[in-house]
Amino acid sequence: MSPRFDPAPPPAAGLPPGASASAWPLAWMGLGLLWLLVAAGWLVAQPDLLTLPHFHPATVGWVHLWLPGGLLAICIGACYQLMPVVLGPPLRTPRGGMAAHLTLHTVGITALTLAFASGRYAHAGLAGLPVTVGTLLLFTTALRTWWFSTRRDVVAWCLPLSTGWLVLTTLSGVLLACNRAHGFLSGDILLFLRAHAHVGLAGFFLTLLQGMTFQLIPMFTMAELRGRRALPTGFWLTQIALPLLITGWVVGTGALIVVASALLTAGVGASAAALVLTLRSRRRRQLERPVRVFLIGGVLGALTMGGGVALAVWPLPADLALRSALAYGVLLIPGALSLMILGMTGKILPFLIWLRAYGPHLGQRPVPLATKLGWPRLEAVGGGLLLTASLGLGTAALTQAPALARIAAGVLAAAILALALNAGRMAWHLVPKRPRG
Amino acid sequence: MNPSPLPTLADIAAAIARVADPEFGLSIVDLGLIYDLRVKGDEVQVTMTLTSFYCPAGEVILGGVKAAAESVPGVSRAEVRLTWEPPWTPDCLTPAGRAQLGWDAPRVEP
């Protein structure tokens, strides 16, 4: 059989295509880290935010700055970077679409946070509109790029599906904020809010993680993709569970919520089994720190999900149920999800910076490795503090301990500061250096 | 002024070996990505693969190999061909590459 040759790329003159494509993802990741820093500072100034009821306007404002602000911005950057890599065809985004999305998201999230924090829900609805238009841009880009791709495994499917769920999340958010001001929906609004939160958390973040993990982890650890039945089973169970869960919350059918939660948990379990099998086949013996942080976040997330299912199944006294729901949210959002996303950012960000700063010089002069651009100790400190802060904040939310909340908020701010400083050190490599002498 | 001497295979191989995968820190030669290397006069032809079809640094690595080969005195042009046959597997790693990845310990099987 004769070898199959593909044409070689053009000569490495100027920025290679991958390097020029890294600018927008880097901008998104920078924006995400900036918002996480602001949110961490806000929590230090007002540590009781995460001990208030989870539907308190200030708490809602803080969560929107952390989640669709910080974590989502980082994920959007990663999606724009990974879409052409994973799917094959060039990114099918309209001209000016990347700049428009970044602008819409920046303006929208800033206004949304301010509106929630001041309890102006009608304004929050308006502020959610640019965010929604931005998510539509992302979804259409993902869908069109996926359409022109021949890849149809869960890694490819996770892109249009997760971004589709994201559009539904932002649309439902706008609807709920407007309803708070104008009161046109009937029924238990708290259940609608839970549906909105779960479309975002499970629809976007979980769907994305259940797919993209199986692209990135084999690549970073030199592992073979294993669990070829468990992997699609886990992914599609989540996709079946999600509409049931949303319907359960909206209609207020407890049995449906329990069934959907069980399916969701089974889906996560199957994905976890595929991940363990994949990791056991790895050739790179030592797991790097960002990968370890990602995996610790995954374990915390699975445990917290188990707690969430317990909350849905066992009725608790009203006060304990409220505190448990808050602790569940805290362990999931500033906890598990942040550990997973910031862990993966610790791998993606230095690679993007390396691609831009040193990619064009590869083969022409000595260049550092992508893994050597930051300060490893600061990264270790950041990861450790983030885990400590998550557990502390979760405990403070459950026990309503203000002193612990204050300490944990300080630890969270220190964690984000350490990770942001490390990112800044990496970004320093992008600054052109004057030749010595 | 004397013209540059014709390049040798050893010169080209040494230059290409200095190109490292940005993620693993291994030379692409130790990774086993170079399948064939030919020198015809002052022209070089490299046949290589990537660890994955979805390698995000693929274009940069191919460009780096071309630049490294063309940096050797006497080389006027280097052609880098990408092939997926045979596909790369970790078995392509050289003993030096395996050692750097800590792979010489017994492999963990599920």
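Only the coordinates and a few stated rules stand behind these numbers; no lab work does. Note that the coordinates shown come from a computational prediction; the quantities given were computed from them, not determined experimentally. Here Cβ is always computed from backbone atoms with ideal geometry, including for glycine, and neighbour counts include all displayed protein chains.
Assorted remarks:
- Mean Cα-pair separation over length for segment A:241-375, i.e. relative contact order, pairs under 8 Å, 6 or more apart, %: 24
- Calculated P(r) tail over 18 Å for segment A:151-230, as whole % of Cα pairs: 53
- Value in Å of the Kirkwood radius, where segment A:314-399 supplies the Cα pairs that are averaged: 15.5
- Rg and Dmax of segment A:393-437, based on Cα coordinates, read 18.4, 61 Å.
- Computed over segment A:290-331, the P(r) tail beyond 16 angstrom holds 41 percent of alpha carbon pairs.
- Cα-based Rg of segment A:58-111 normalised by 2.2 N^0.38 Å, two decimals: 1.33
- Radius of gyration (Cα atoms) of segment A:286-437, expressed as a multiple of 2.2 N^0.38 Å: 1.31.
- With distances taken between every two different alpha-carbon atoms, chain A has a Kirkwood hydrodynamic radius of 22.3 Å.
- Counting only lysines at least 8 places from residue A:433 when in the same chain, those with an alpha carbon closer than 27 Å to its own are A:347, A:372, B:66.
- Cα pair distances of segment A:12-123 binned at 10 Å [whole percent]: 14, 38, 26, 15, 6, 1
- The radius of gyration of the Cα set in segment A:261-368, together with its Dmax, comes out at 19.2, 68 angstrom.
- Over segment A:117-166, the alpha carbon radius of gyration divided by the compact-protein estimate 2.2 N^0.38 Å works out to 1.53.
- Residue with peak Gaussian network fluctuation, chain A [Cα springs, cutoff 10 Å], from A:222, A:83, A:305: A:222
- Relative protection proxy for A:410-416, A:350-356, from highest mean packing down: A:350-356, A:410-416 (other beta-carbon atoms within 10 angstrom).
- Cβ crowding within 10 Å ranks A:118, A:162 as A:118, A:162, fewest other Cβ atoms first.
- Extents of segment A:197-327, largest first, come to 50, 27, 20 Å (Cα atoms, principal axes, whole angstrom).
- Residues B:43, B:23, B:85, arranged from fewest to most other Cβ atoms within 10 angstrom of their Cβ, appear as B:85, B:43, B:23.
- Loop sites in segment A:248-294: trypsin sites (Lys or Arg not before Pro), DSSP, at most 14 other Cβ within 10 Å: A:285
- Amide H contacts under 5 Å for residue B:79, placed H, 5+ residues apart: B:44, B:45, B:46
- Annotation note: chymotrypsin sites (Phe, Trp or Tyr not before Pro) in segment A:100-165 located in DSSP loop regions with a Cβ neighbour count of at most 13 within 10 Å are A:148.
- Rel. contact order, % - alpha carbon contacts under 8 angstrom, at least six apart, segment A:35-129: 32
- With only the Cα atoms considered, segment A:360-437 has a convex hull volume of 111 Å³ per residue.
- Solvent-free Debye calculation, one equal scatterer per alpha-carbon of segment A:260-301: log10 I(q)/I(0) at 0.14, 0.17, 0.29, 0.34 Å⁻¹ equals -0.39, -0.54, -1.07, -1.15.
- Peptide A:363-374 has a mean of 5 when you count, residue by residue, the C-beta atoms of other protein chains within 10 Å of its C-beta.
- Net +/- balance of residues flanking residue B:75 in space, Cβ distance below 9 Å, scoring K and R +1, D and E -1: -3
- Helix runs (DSSP H) in chain A reaching 20 Å along axis by Cα, Kyte-Doolittle at least 0.0: A:23-45, A:72-87, A:97-117, A:121-147, A:154-182, A:207-221, A:230-251, A:254-280, A:289-313, A:338-357, A:376-399, A:402-427
- In segment A:62-200, inverting the average of 1/r over every pair of distinct C-alpha atoms gives 15.6 Å as the Kirkwood radius.
- Low-density loop cleavage sites - trypsin sites (Lys or Arg not before Pro) in segment A:75-155, where at most 12 other Cβ are within 10 Å (DSSP): A:95, A:152
- Percent of beta bridges antiparallel (DSSP, the protein assembly as shown, rounded to nearest 5): 60
- Principal-axis analysis of the Cα atoms of chain B puts helix B:58-70 at an angle of about 40° to the longest axis.
- Where only C-alpha atoms are counted, convex hull volume of segment A:227-302 per residue in Å³: 83
- Alpha-carbon spread of chain B, three principal axes, descending order, Å: 63, 25, 22
- Dividing the mean sequence gap of close Cα pairs (under 8 Å, 6+ apart) by how many residues chain A holds gives a relative contact order of 17 percent.
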